[in-house]
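Bear in mind these aren't lab numbers, they're just calculated from the coordinates by the rules spelled out. What you see is a predicted model; the values in this text were computed from it and never measured. Cβ sites come from the backbone with ideal geometry, for glycine too, and all protein chains shown count toward neighbours.
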Amino acid sequence: MEERQLSGKYRVRRLNKIDTDHILALCVKNELFYQYHPPLADRESILKDMSAFPPGKTEEDKFYVGFYREERLTAVLDLILSYPQKQTAYIGFFMMDISCQGQGIGSCIIADIAACLKSYGFEKIRLAVDEGNPQSECFWRKNHFVRTGERIPNDFSAYLPMEREL
């Protein structure tokens, strides 16, 4: 799969360390997210996320990409293919530019991602939201994700896994 196939409306490309300042600028404006998912992003944490892989996964499986409208970074996505099961894709991180939120752009991007993954034979998308974050859970529910009933404690609260059948 090529990253540009993830959207028919936005230009998509893999992000790398040269993009760190643009990613950081997008992230730090999303204060509500970091209230539930501390600490606030910094250059070091972004670089760490870019190179983080779940067990058994490699660069071939990871799409740390940016969605661009014209030349402006609109969203960042960390997508892992075939994780945790072969026919499942995992969204480790998705964040929109705060000035683009509430306009349906994020939902459009998620719809494009879902259609692309389905065309490659994936059966579901999985992710986790931070417990108590009303904005995140509302967004994912609106995009056809449902909680799995699991609760995974972490250092600051808990992750609540969600899935979407494709």
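Structural remarks
- Charge tally for Phe156 (other residues, Cβ to Cβ under 10 Å; Lys, Arg +1; Asp, Glu -1): -3.
- Rounded to the nearest angstrom and listed largest first, the equivalent-ellipsoid semi-axes of the range 38-79 from its Cα gyration tensor are 21, 16, 7.
- The chain, dipole about Cα centre (Lys/Arg Cβ +1, Asp/Glu Cβ -1), debye to the nearest 20: 420 debye
- Scattering curve values for the range 109-156, log₁₀ I(q)/I(0), Debye with Cα scatterers, q = 0.17 Å⁻¹: -0.60
- Anisotropy class of the range 53-137 from Cα gyration tensor, a/c 1.5 cut: prolate
- More than 21 angstrom apart: percent of Cα pairs within the range 12-166: 44 percent
- Of the GluC sites (Glu not before Pro) found in the range 54-108, the ones in coil according to DSSP and having at most 13 other Cβ atoms within 10 Å of their Cβ are Glu70, Glu71.
- Its convex hull of Cα atoms gives the range 1-102 a direction-averaged projected area, equal to a quarter of the hull surface, of 7.0 nm².
- Taking Cβ atoms as reference points and 10 Å as the exclusive limit, the residues near Ile125 contribute a net charge of +1, counting Lys and Arg as +1 and Asp and Glu as -1.
- Protection proxy ranking, peptides 120-128, 39-47, 89-97, average beta carbon neighbours within 10 Å, highest first: 89-97, 120-128, 39-47
- Loop trypsin sites (Lys or Arg not before Pro), the range 58-112, which have at most 11 other Cβ atoms in a 10 Å radius of their Cβ (DSSP): Lys86
- FRET efficiency, 1/(1 + (r/R0)^6) with R0 25 Å, evaluated for Gln103 and Phe53 via beta carbons: 0.15
- Amide H within-cut-off set for Arg69, under 5 Å, with H built and near neighbours excluded: Thr74
- Sparsely packed loop sites in the range 135-166 (the GluC sites (Glu not before Pro) outside DSSP H, G, I, E and B with at most 15 other Cβ atoms within 10 Å) comprise Glu150.
- Here the calculated FRET efficiency for Cys138 and Asp42, from their Cβ-Cβ distance with R0 = 30 Å, stands at 0.65, rounded to the nearest 0.05.
- Here the simple spin-label model places points 7 Å from the Cα toward Cβ, and for Asn154 and Met1 these points are separated by 2.2 nm.
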